1. Listed residues G389, G356; which is within 16 Å of the chain's Cα centre (by Cα) and under 30 Å from T215 (Cβ atoms)?
2. If you scan segment 234-256, which residues turn out to be at pLDDT below 95, buried (at least 24 other Cβ atoms within 10 Å of the Cβ) and either more than 20 Å from the chain's Cα centre (by Cα) or among the hydroxyl-bearing types (S, T, Y) (or both)?
3. Going by the conditions given, is Y91 in a helix (DSSP H, G or I), out of contact with any Cys (no Cβ under 7 Å at 6 or more places or on another chain) and at pLDDT below 95?
4. Determine whether segment 160-172 contains at least one residue that is more than 18 Å from L340 (Cα to Cα), in a helix (DSSP H, G or I) and at pLDDT 95 or above.
5. In segment 318-373, which residues are crowded, with 18+ Cβ neighbours inside 10 Å, farther than 22 Å from F422 by Cα and hydroxyl-bearing (S, T, Y)?
6. Can you tell me which of (1) touching a helix residue (DSSP H, G or I) at 6+ places or on another chain (Cβ under 9 Å); (2) free of Cβ contacts under 8 Å to residues at least 24 places away in the same chain; (3) not aromatic (F, W, Y) is the one G372 doesn't meet?
7. In segment 62-88, which residues are more than 15 Å from H362 (Cβ to Cβ) and modelled with pLDDT under 90?
8. Which one of these is hydroxyl-bearing (S, T, Y) and assigned to a loop (DSSP other than H, G, I, E, B): Y275, Y303, Y247, Y269?
Amino acid sequence: MKKTLAGLAKLNKVIAISLPVVFSILLVRMQSLAHRELSPPECRVKKWELPVSLIAKNQNVLTQKQKAPLIQRLPVTCCQADISCLDEAIYGKIADKKALLTAIEHSLQYLQTPNAVAAYQNYQVAGIKHNRVFKSLKRFRELLIKTNSATELHQAIEREFVFYQSVGKDSKGSVLFTAYYEPLYVASRVPTAEYRYPVYRLPPDFNSWTKPHPTREELEGADGLQGAKGKLRGLELFWFRDRLEPYLAQIQGSAKLQLTDGTQTTIGYADNIAYNYKSIGRELANDGKLPLQGMTMPIILDYFQKYPQELNIYIPRDRSFVFFQENHGEPAQGSINVPLTAERSIATDKSLMPPGALALIHTSVPFVNPTGKMEERIVSRYVLDQDTGGAIKGAGRVDYFLGTGKIAGDRAGVTVSNGQLFYLLLKPQN
């Protein structure tokens with residue numbers, strides 16, 4: 001799945017940032033999320049940062065034009081009673097462990113392909129080799145199956161594995177996390193008076209298109225209805241009622257569709273034209289239509305409900321454009337061509353990070369509590385690096401896949417936080 005989005009978020013104060021897939025790319029971080037203090041700051045933060053000694057040791061590498069994206073270090077030793085250090089979810093419910101095992105199987109399948117061998121042939125970080133990544137993932141699967149608690153698993157990892165930590169956006173290990181999901185929309189296989197806005201399949205002659213490519217507006221018109229008059233004629237795949245829906249599907253890179261004939265299907269990323277995404281939320285703020293402070297997705301949607309004609313102004317400002325293929329109910333796929341797993345798949349910059357590899361993320365993630373409200377928790381999660389995105393650039397960006405549907409979308413829309421990213425590899429003697 002590909003993402004080509006940038007947007008707005010609030011960390012400690014409102015700032016503009018580049019996000020890939022997600023409503024949050026249009027939004028600003030919600031202030032209402034409560035940050036749950038789980039342990040002293042030295043446990044929650046300092047232990048997870050790149051040690052100063054390792055930064056100094058690698059300073060010569062880090063100041064080169066091509067920065068080393070990962071630095072080897074010992075695993076993080078948990079502070080006593082710091083549950084955020086452990087991935088407790090996989091021992092809380094059978095479904096959670098099953099989901100992680102499923103994601104592992106998908107990565108193992110990828111790592112046995114010629115594409116995976118080729119991807120690791122010239123990987124820039126010494127010690128990260130295809131065979132080592134494969135063996136590490138198999139050993140982790142064995143440990144996951146036979147251990148009975150998150151603490152027991154963590155202790156086994158400390159004995160047998162080393163971490164390769166991302167240098168982050170600041171060369172100190174700080175990584176910006178956002179999230180994405182698979183939306184669910186109602187659509188039609190045929191155009192009607194109600195269903196007028198199409199998504200398009202990949203043109204058969206796309207590789208012969210000259211560059212610069214035509215822009216979004218040149219392809220579909222300012223109103224999104226002119227595609228049949230130009231290069232997109234006959235390439236319509238499905239039609240939607242709301243103009244924002246096919247646009248947001250392009251941002252997410254996939255969608256599940258409830259069709260008007262009673263059936264369901266899915267669409268996934270096929271390719272895109274060579275332009276970077278421009279955030280319509282940011283554009284609204286730039287034009288003074290909405291204040292940047294406190295901007296949320298509901299506010300943006302409410303604005304366009306009141307002024308639907310302005311979609312014809314703001315959507316065309318985003319020159320990027322994504323083509324789709326019908327996947328006939330298959331789950332959303334990542335860039336390494338394996339299905340994504342909710343809460344267990346991440347997207348990173350694949351020019352820097354090892355594809356299919358086992359990783360550990362430590363960051364704040366929003367959850368829906370029993371009262372239906374969103375609350376933020378500091379968590380550690382074992383994940384598989386299975387996707388990428390046009391807006392996921394550098395060692396300081398991770399996009400976290402949260403699944404399908406409204407709740408996943410609500411959570412993704414407010415996932416913006418700093419954290420750390422590690423890759424787990426067996427010690428060389430193992």
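1. Residue meeting the stated conditions: G389.
2. Matches in segment 234-256: S254 only.
3. In short, yes.
4. For segment 160-172, residues more than 18 Å from L340 (Cα to Cα), in a helix (DSSP H, G or I) and at pLDDT 95 or above: present.
5. S320
6. (1)
7. Those that are more than 15 Å from H362 (Cβ to Cβ) and modelled with pLDDT under 90: L62, T63, Q64, K65, Q66, K67, A68, Q80, A81.
8. That would be Y275, the only listed residue that is hydroxyl-bearing (S, T, Y) and assigned to a loop (DSSP other than H, G, I, E, B).
The values are calculated or read from the model by the stated rules, or taken from the named source; none is laboratory data. This one's a predicted model, so the numbers in the text were calculated from it and none came from an experiment. Here Cβ is always computed from backbone atoms with ideal geometry, including for glycine, and neighbour counts include all displayed protein chains.
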